[in-house]
Structure formats: structure tokens, C-alpha cells
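Just below is one structure, and these are the notes that go with it.
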Amino acid sequence: KELKQNVLRGGWYLWDPYQFIEKGQGYTQLNGLDINLERAIAKHAGYEIHFEQVAWKQHLADLAAGTRDIAAGATYTPQREKFAYFSEPYREESNSLFTLKQSTKKLIFSNADEFLEKVKNTKFKLGVVDGYVYVDPKINAFIANPENRPQIFPVDNTYDNLEKLSNGEIDGF
């Protein structure tokens with residue numbers, strides 16, 4: 001689909017509070033911290049953004065292929081720098097592990113090394129957002145390692161992870 005001049009091709013996926021659909025009486029709109037920031041910056045530069053819902057991994061592939069122009073919330077990596085420019089960081093994040101309270105696989109750890117050891121030793125089924133870069137490089141390496149593939153369950157967004165956890169398909173995310 002061809003867009004008019006001064007329109008950037010963007011994307012979004014469910015990631016509260018950064019990107020989400022807001023529903024009210026008689027309206028539905030794309031909203032969130034990232035969405036509002038992107039719109040404000042684009043407007044200041046004389047652009048608007050056309051957003052399409054897309055999985056994060058596909059959004060990254062589209063940026064690399066040149067079929068999308070902009071993404072918010074992307075963590076810098078040397079690999080991504082080969083196809084994208086990055087702004088100064090505008091927020092900091094941490095990662096948390098979510099499990100069911102009644103889970104039989106209790107992971108007690110105080111750092112990434114202990115976490116990964118427990119995941120491996122207990123055959124913990126770990127849900128991840130496909131294409132996401134987690135805070136600790138050791139966790140990213142673990143996820144990328146083909147030997148660990150039977151324990152890694154990639155999905156398009158956190159809501160899919162929550163559904164898999166609720167259905168007992170994963171032990172945590």
C-alpha cells in the first residue's frame with residue numbers, strides 16, 4: 001500500500017503501557033507511551049506515522065528490509081545497528097519472571113547465572129517474546145542457543161505468554 005509523502009511506516013504490538021488499543025464509549029484508538037512519543041516527534045519533524053499491528057520479530061525484519069521506517073522501544077544491539085539508527089535511550093527497563101503461584105517449579109535465584117542454571121536443570125519451559133532483547137546478554141545467549149530450544153517458547157507478545165502460562169503450556173515468562 002502506497003503512502004503519501006511525509007508519512008512514516010511504523011508498527012506496533014500489544015505491550016502495555018507502551019503500545020495498546022484503548023477502548024471507550026464509541027471509540028477505539030491506538031495509544032500508549034511509545035505511540036504518543038512517536039507521534040509527537042514525527043509531528044515536530046513534519047511527519048505522521050501510519051501504524052500497523054505486527055509481531056515484534058516481523059517489525060524488526062521489516063526495518064531491516066526497508067519496508068518499515070520507525071520502531072519504538074527497540075534495544076540497541078550491534079546487529080540491529082547494521083540496519084537502523086537509534087535515538088538516545090528514553091527509558092530504562094528491567095526484566096521480571098512471571099510464574100503461577102501454585103507452580104511446582106520454584107526458581108529461587110539472585111542473578112542471571114543462577115536463573116539460567118535453574119531453568120536448565122529443572123527443564124523449565126520459558127516463554128519469550130520472539131525478537132526481544134532481554135536485559136542480560138547471558139539470557140539472550142541462552143535463548144539463542146539451539147541446545148536450549150526445547151525449553152524456549154517464543155510468542156508474538158506478552159499476552160500470548162500469559163495465555164500459555166494460564167493454559168499450562170509454559171512454566172513462566
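The values are calculated or read from the model by the stated rules, or taken from the named source; none is laboratory data. Note that the structure is a prediction, hence the values are computed from the model and not measured. Methodologically, a virtual Cβ is constructed for each residue, glycine included, from the backbone with ideal geometry; neighbour enumeration extends over all protein chains shown. What goes into the accessible areas is simple: the full protein's heavy atoms, side chains included, and nothing from ligands, DNA or RNA. Shrake-Rupley method; radii C 1.70, N 1.55, O 1.52, S 1.80 Å.
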Yes or no: segment 114-126 includes at least one residue that is in contact (Cβ under 8 Å) with a residue 40 or more places away in the chain and open to solvent by less than 30 Å² (accessible area, probe 1.4 Å). yes
In segment 68-122, anything basic (K, R) and in contact with a strand residue (DSSP E or B) (Cβ under 6 Å, 6 or more places away or on another chain) is listed as R68
Scanning segment 18-44 residue by residue, the ones that are out of contact with any Asp or Glu (no Cβ under 9 Å at 6 or more places or on another chain) and not aromatic (F, W, Y) total 16
Please go through segment 129-150 and give me each residue that is buried (at least 18 other Cβ atoms within 10 Å of the Cβ) and either of a type in the set (D, E) or over 13 Å from the mean Cα position of the chain (by Cα) (or both), ordered by number. I139, F142, I143
Given the condition outside any helix (DSSP H, G or I), under 30 Å from D171 (Cβ atoms), open to solvent by 70 Å² or more (accessible area, probe 1.4 Å) and touching a Lys or Arg at 6+ places or on another chain (Cβ under 7 Å), answer yes or no: does some residue in segment 90-113 qualify? yes
Those residues that are open to solvent by 40 Å² or more (accessible area, probe 1.4 Å), more than 21 Å from L14 (Cα to Cα) and part of a loop (DSSP other than H, G, I, E, B), I need them from segment 68-86; list them, please. K82, F83, Y85, F86
Test each condition in (1) touching a strand residue (DSSP E or B) at 6+ places or on another chain (Cβ under 8 Å); (2) open to solvent by 40 Å² or more (accessible area, probe 1.4 Å); (3) modelled with pLDDT under 95; (4) not basic (K, R) for N157 and report the one that comes out false. (2)
Matching entry among G46, G10, G32 (being farther than 22 Å from K164 by Cα and over 16 Å from the mean Cα position of the chain (by Cα)): G46
